[in-house]
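Below is one structure, written out as structure tokens, with a few remarks after it.
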Amino acid sequence: MRSAALYIAGAIAGLGVTLALRSEHREGTGIPVAAQQELESVEKEINRTEDATLAKVHHERLDPSQQIILLGKLLFYDRHLSVLRNEACAFCHMPEAGFAGPVSELNRTTAAYPGSVRTRFNGRVPQTHGYASFSPVLHYNTLQGDLVGGAFWDMRATGLRLNSPLAEQAQGPPLDPNEMALIDAACVVYRASERPYRSMAEDLWGSQAFAVRWPADIQETCDRPSPAPKADPLPVHLTPVDRGIAQATYDKIAEAIAAYEGSSEVNAFSSKYDYVMAGKAKFTADENVGYQLFRSSATHCNECHRDGGPGEEPLFTDFTASNLGLPRNPAMPYYRENQLDGFGFAANLLGASYLDAGVGGFLEGPENPDREWTPLAKSFIGKFKTPTLRNVDKRPRPDFVKAYMHNGYLKSLKEVVHFYNTRDAFPGCQAGDPGEKVTCWPAPEHPETMNRRQLGNLGLTGKQEDQIVAFLKTLTDGYMPATK
């Protein structure tokens, strides 16, 4: 009961600040009014899932592997691990949308999702967490002349420290000012120490996991949104030993989330494609033609979105990065985040002139852990990690809109395939032109590194585009074969 008591005390202590911040940012957030009902529905489902998972922990006998996966799931669905206690990891990664963005209206409009401070939007679309656990630690393949692995669109979660890109990815959003916005990694540990799953975590990690002597101002400090002041980058003031304990537990939290994201609940391999490969279902005529086109030298699709080979699990990605020549997406609120907010933070001081450098930006920046990679930066400007195509069409209802690519510029699989097919075959145009995405395309954001070999003018007919789309829809998990 100690953990429950701590939670209640902490919640009361932080309630005043939290409510004040929520009130300040309820209006004028930039969130479309039409998205509000969907957002509320997602938040209710997150709470329901957390409650059901807690009940399972308390009422079922679990072996160690089940315990760590369930603990990871609790952490994944815990909105209290954000500055305003309103945003869980799952907020941007729900199963009904393939562990990607679950709000159709946001996908249709802003593409990016708001953070715990609702006036702050991310600069990229939420990636799917499905099948991400298969990504290797980031490394340079000399024979290919390419970087392979990592996590995030820009590969910056290398996996070099924790030997898991997915675990290192899990440590990003809690501290990102535009996402969960906690000001110090120690705040994640402190908040977790107040939660009902504390005793379970201590059983798995040891009683030292939360044995941190917290400063008297811990509540006040952790209720302030990130970023931390440059003059005080670790505003939770701890002794070196307590800082070490907090960091070790933060690593354990990330590893638990990665364990859940690597579980069969997230990576089911249960699509129609899987049943066809197992000889337990058959493609329709259009799906079969689409699959053959997908694998053909005419489209180059599976050169990057590899469907595996003998003895391989088909993951539909090669874990490299590419610049597809996408236009920018001016609908993203990030381009307008150039004014200081109420906490003195502006995410994008460049405003509308901002260019997303992708992997090249990571290689040029301070997060690059290997100076031998720095000379690669110029050739990787505008490149983004190739995502898996598994669950690329997974949606909770037929009219649900998904946002594709790192900036959400494309809104349907038909648009995606049409872009690959016609990017260079059609004339250029301005954003908002009546023919945009149909008979013309705006200029690419980074033409200097654009992939010109594998896409742009494939010569496909409209029918062939539709057949490739039909195949891509067979990659959705949860397929139920017809019974005789």
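Couple of notes before you dig in:
- Helix 2-26 and the long axis of the chain differ in direction by around 60°, with both axes built from C-alpha atoms.
- Accessible-area composition of the chain, carbon plus sulfur, in percent [1.4 Å probe]: 55 percent
- Here the calculated FRET efficiency for ALA425 and ARG371, from their Cβ-Cβ distance with R0 = 41 Å, stands at 0.50, rounded to the nearest 0.05.
- Most simply put, the chain has about 75% antiparallel DSSP beta bridges, counting only bridges with both residues inside it.
- P(r) weight above 15 Å for segment 154-231, C-alpha pairs, percent: 65 percent
- Panel note: the C-alpha atoms of segment 367-484, placed on their principal axes, show extents of 60, 40, 25 Å (largest first).
- Computed lengthening from ARG61 to ARG452, 0.36 nm per intervening residue step minus Cα-Cα distance: 135.2 nm
- Rounded to the nearest 10 degrees, the angle from helix 413-422 to the longest Cα principal axis of the chain is 50 degrees.
- Residue-by-residue Karplus 3J(HN,Hα) for segment 160-175, coefficients 6.51, -1.76, 1.60, Hz, glycine and proline x: 5, 7, 9, 6, 7, x, 5, 5, 5, 4, 5, 8, x, x, x, 9
- Hits among aspartates and glutamates - C-alpha to C-alpha of LYS414 under 15 Å, sequence gap 8 or more where chains match: ASP286, GLU287, ASP393, ASP399, GLU436, GLU465, ASP466
- Rounded to whole Å, sorted largest first: equivalent-ellipsoid semi-axes of the chain, Cα gyration tensor: 37, 26, 22
- Between ALA52 and ASP217, the distance separating the two model label sites (each 7 Å from Cα on the Cα→Cβ line) works out to 4.3 nm.
- The reciprocal of the average 1/r between distinct C-alpha atoms defines the Kirkwood hydrodynamic radius, which for segment 110-202 equals 15.0 Å.
- Principal-axis tilt of helix 36-59 within the chain, Cα atoms, nearest 10 degrees: 60 degrees
- Cut-off of 10 Å, at most 16 other beta carbons, DSSP loop: longest stretch of the chain lacking such GluC sites (Glu not before Pro): 61-264
- Three-way shape call for segment 309-398 based on the alpha-carbon gyration tensor, with the a/c threshold at 1.5: oblate
- Computed from the Kirkwood radius of its Cα pairs, the Stokes-Einstein diffusion coefficient for segment 242-386 at 10 °C and 1.306 mPa s stands at 80 µm²/s.
- Taking a straight Cα-Cα cut-off under 20 Å and skipping sequence neighbours fewer than 8 places away in the same chain, the lysines within cross-link reach of LYS282 are LYS272, LYS394, LYS473, LYS484.
- Point-to-point label distance, THR483-VAL33, nm (Cα→Cβ direction, 7 Å offset): 4.8 nm
- Unpaired cysteine residues in the chain (no second Cys Cβ under 4.7 Å): CYS89, CYS92, CYS301, CYS304.
- Three-way shape label, segment 264-323, alpha-carbon gyration tensor, a/c 1.5: oblate
- Solvent-accessible area per residue for the chain (1.4 angstrom probe, square angstrom): 44 Å²
- Helix-only mean residue ellipticity at 222 nm for the chain, each DSSP H run of n ≥ 4 adding -39500 (n - 2.57), per residue, nearest 500: -10500 deg cm²/dmol
- Net charge of the neighbourhood of LEU138, taken over other residues with C-beta under 13 Å away and scored Lys/Arg +1, Asp/Glu -1, is -3.
- Summarising the label geometry, the points placed 7 Å from Cα in the beta-carbon direction at GLU313 and THR284 lie 2.9 nm from one another.
- Summing +1 for each Lys or Arg and -1 for each Asp or Glu among the other residues whose beta-carbon sits under 14 angstrom from that of CYS440 gives -2.
- Net charge of neighbours whose Cβ lies under 11 Å from the Cβ of CYS222, counting Lys and Arg as +1 and Asp and Glu as -1: -2
The values are calculated or read from the model by the stated rules, or taken from the named source; none is laboratory data. The structure displayed is predicted, hence computed values, not measured ones. No Cβ is skipped: glycine too gets one built from the backbone with ideal geometry, and neighbour counts run over all protein chains shown. Areas reflect the complete protein model, heavy atoms only, side chains present, ligands, DNA and RNA absent. Shrake-Rupley method; radii C 1.70, N 1.55, O 1.52, S 1.80 Å.
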